[in-house]
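Worksheet: one structure, shown below.
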Amino acid sequence: PGIYVCAKCGHELFSSRAKYEHSSPWPAFTETLRGDSVAKRQERPGALKVTCGKCGNGLGHEFLNDGPKQGQSRF
């Protein structure tokens, strides 16, 4: 339980309340902690590249419509 932060700068990214079990080996979240927690840019259809909203450290992707409920994204 708690807040997941950027490994590089400590910026708050995700709450454990938004975490869920997914088949990938990485933690999966349905939403960010705040609107400025991350920055996003289109990488390919259905996937956005996600970086820390403060320092730009790479965090992976947001997969659109791949969350636990229909219409939700997965970080």
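The values are calculated or read from the model by the stated rules, or taken from the named source; none is laboratory data. Since we're looking at a predicted model, the values are computed, not measured. Cβ sites come from the backbone with ideal geometry, for glycine too, and all protein chains shown count toward neighbours. Calculation scope for accessible area: heavy atoms of the full protein, side chains included, ligands and nucleic acids excluded. Shrake-Rupley method; radii C 1.70, N 1.55, O 1.52, S 1.80 Å.
For the range 55-75, check the following and say yes or no: at least one residue is open to solvent by 50 Å² or more (accessible area, probe 1.4 Å), basic (Lys, Arg) and in contact with a strand residue (DSSP E or B) (Cβ under 9 Å, 6 or more places away or on another chain).
no
Out of all the residues in the range 2-36, which are in a strand (DSSP E or B), among the aromatic types (Phe, Trp, Tyr) and under 22 Å from Gly71 (Cα atoms)? Steps first, please.
Taking the range 2-36 first, the residues in a strand (DSSP E or B) are 3-5, 12-15, 19-20, 28-29.
Still in the running and among the aromatic types (Phe, Trp, Tyr): 4, 14, 20, 29.
If the condition is that a residue be in a strand (DSSP E or B), among the aromatic types (Phe, Trp, Tyr) and under 22 Å from Gly71 (Cα atoms), then Phe14, Tyr20, Phe29 are the ones that fit.
Being in a loop (DSSP other than H, G, I, E, B) and touching a residue at least 12 places away in the same chain (Cβ under 8 Å) is the requirement here; does Ala39 meet it? It would help to see each step written out before you state the result.
Working: in a loop (DSSP other than H, G, I, E, B): no; touching a residue at least 12 places away in the same chain (Cβ under 8 Å): yes.
Answer is no for this residue.
Out of the residues in the range 32-46 that are at pLDDT 95 or above and under 14 Å from Arg74 (Cα atoms), which is most open to solvent (accessible area, probe 1.4 Å)?
The residue in question is Lys40.
Does Gly2 fit the bill of being touching a Ser or Thr at 6+ places or on another chain (Cβ under 9 Å) and among the small types (Gly, Ala, Ser)?
Taking the combined requirement at face value, the residue satisfies it.
If you go through the range 1-16 one residue at a time, do you hit one that is under 12 Å from the mean Cα position of the chain (by Cα), among the basic types (Lys, Arg) and open to solvent by 50 Å² or more (accessible area, probe 1.4 Å)?
Scanning the range 1-16 turns up no residue that is under 12 Å from the mean Cα position of the chain (by Cα), among the basic types (Lys, Arg) and open to solvent by 50 Å² or more (accessible area, probe 1.4 Å).
(1) touching a helix residue (DSSP H, G or I) at 6+ places or on another chain (Cβ under 9 Å); (2) modelled with pLDDT under 95: which one isn't true of Trp26, the others all being true?
Every listed condition holds for Trp26 apart from (1).
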